[in-house]
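Here is the structure we will look at, set down as structure tokens.
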Amino acid sequence: MRSNLAVFQLFGFRVHVRSGFFIFMMLVVFSQGTHYGVPLALFLGLFTLIHELGHAIAARNTGAHAEIALDFMAGYAAYVPSRPLSKLERIGISFAGPGVQIFIGGVVYLVIRGGFHTPLAGNAVQIAVFWAGPLIGALNLIPLLPFDGGNILQTIIEVFAPQRARKVMQWLTVAATVGAMLAMTTNPSLRRFVFFAVIPLVSVLATMSNDRTQTRRAEGQQALGRAEALAWASGEVRFPAGTVPSPWFRAWQQIQQGNDAAALHVLLLDLGDSDPVNWWPPDAAPVDALRRIVEVLPTPLPSGRPYSSFVLSGVLLRIGRYDDAAHFAAQAYTTHRAPMLAVHVARAAAALGHRGTAISWLRTAAETSVPMASQALREAQEFAAMRNDPDFVDAVTA
């Protein structure tokens, strides 16, 4: 996560203010001079916050959990739906930001100008309000990414091509911005505006690169998961380059050869490892095999790096040792503060019938990762009888 210089609550939303936000404000003042730059920076900050509040309030009205971040050249309103949203609801959330920015900015501009006048005339404060309010709000409705208008158009395209809408919008943005840049560079009066076409182009190219990286990572994880499942099902060890069977499978191999000490060594070695994890959890392992592997571990159970401890607490949940899972994950959480461990404490507490404890730990997980807590509430079988409990829903959406 990016570091925050300030975090505060506004209208029930957590607002993260990051260093890039202040750097951008200083650049505005530096580039425009103090006379125009100071009011422009102040109103840019104010109307950016108003814009993101529009998104956040619209998202909350659908039952989603929303947070706001103010960063370099932009603000972000991230939200996690509590249910599938309709396309009209998503369009409404996208429009709410620029809509409220245009409306409030226009009202403020009319008040301080005393009525309708030439937009870009007036004193420094009046010009700053017009630029930071209605003008930038309207520019955000341009139907290109990453603007809100682009998100609205992408949602509309999803009606006709749900699987390809994102790619269509990305390439449409690249084509439009490159065309705009070429047109501007050939027109001397427009060359100074080329920078405004560069912003969406760079943003979309970065997003496309990140999408490719995420796709490759997902494909690699899927291949690793299939290899782990194959190993448990047939004993065949065929793993992608750079990955290995889980320590649980390797421990099981040792146990099958009657070597419990070697199995324990494999598990302890993994818990103490600090290198990046290159194995898949034993999701495909038979419960009886996992139960036998856990028997070789000492008491109290050893903990180590967060991922390995998370897998161990998950194994304890699978074999029905809920009390051990709760205590082990809670102890590991005190060292690593990983939300995935807090989720396992909540699952174990729910399985034991400790409703209040489960809600408390689910809320703890949500403080760091709302998506992870929401996914657990939707999918973990231990919460099956409680998914419609308002207190559980509030734990991850409040």
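Quick note: the coordinates plus some simple rules give every number you see, no bench work behind them. If you're wondering where the values come from, they're calculated on a predicted model, not measured in any experiment. All Cβ positions, glycine included, derive from the backbone under ideal geometry; neighbour counts span all protein chains shown.
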Protection-proxy order for peptides 71-81, 232-242, each taking the mean of Cβ atoms within 10 Å per residue, highest first: 71-81, 232-242
Rg/Rg_globular for segment 113-250, with Rg_globular taken as 2.2 N^0.38 Å and Rg from C-alpha atoms: 1.70
For segment 244-298, the Rg and Dmax computed from alpha carbons only, in angstrom: 10.7, 30
Exposure proxy ranking, count of Cβ atoms within 10 Å, fewest first, for His354, His65: His354, His65
Directionally averaged projected area (convex hull, Cα atoms, segment 1-65), nm²: 4.9 nm²
Least to most buried among Leu269, Leu290, Leu153 (fewest other Cβ within 10 Å first): Leu269, Leu290, Leu153
Of Pro162, Pro143, Pro371, the one that fluctuates the most in a GNM where the chain has Cα springs shorter than 10 Å: Pro162
Stokes-Einstein D (µm²/s) once Rh is taken as the Kirkwood radius of segment 240-398 over alpha-carbon pairs, at 4 °C in 1.567 mPa s: 80 µm²/s
DSSP H segments from the chain that extend 27 Å or more along their own axis, Cα-based, with Kyte-Doolittle mean of 1.0 or above: 19-60, 87-113
Exposure proxy ranking, count of Cβ atoms within 10 Å, fewest first, for Leu205, Leu377, Leu341: Leu205, Leu377, Leu341
Alpha carbon convex hull of segment 4-141, volume per residue in cubic angstrom: 106 Å³
Debye intensity ratio I(q)/I(0), log10, the chain, q values 0.07, 0.11 Å⁻¹ (C-alpha model): -0.47, -0.96
Rg(Cα) / (2.2 N^0.38 Å) computed for segment 185-277, rounded to two decimals: 1.97
Hull shadow area, averaged, segment 303-396 [alpha-carbon convex hull, nm²]: 5.0 nm²
DSSP-defined antiparallel bridges as percent of all bridges, the chain, nearest 5: 75 percent
Radius, Kirkwood style, for segment 162-239 when every pair of distinct Cα atoms is counted (Å): 15.6 Å
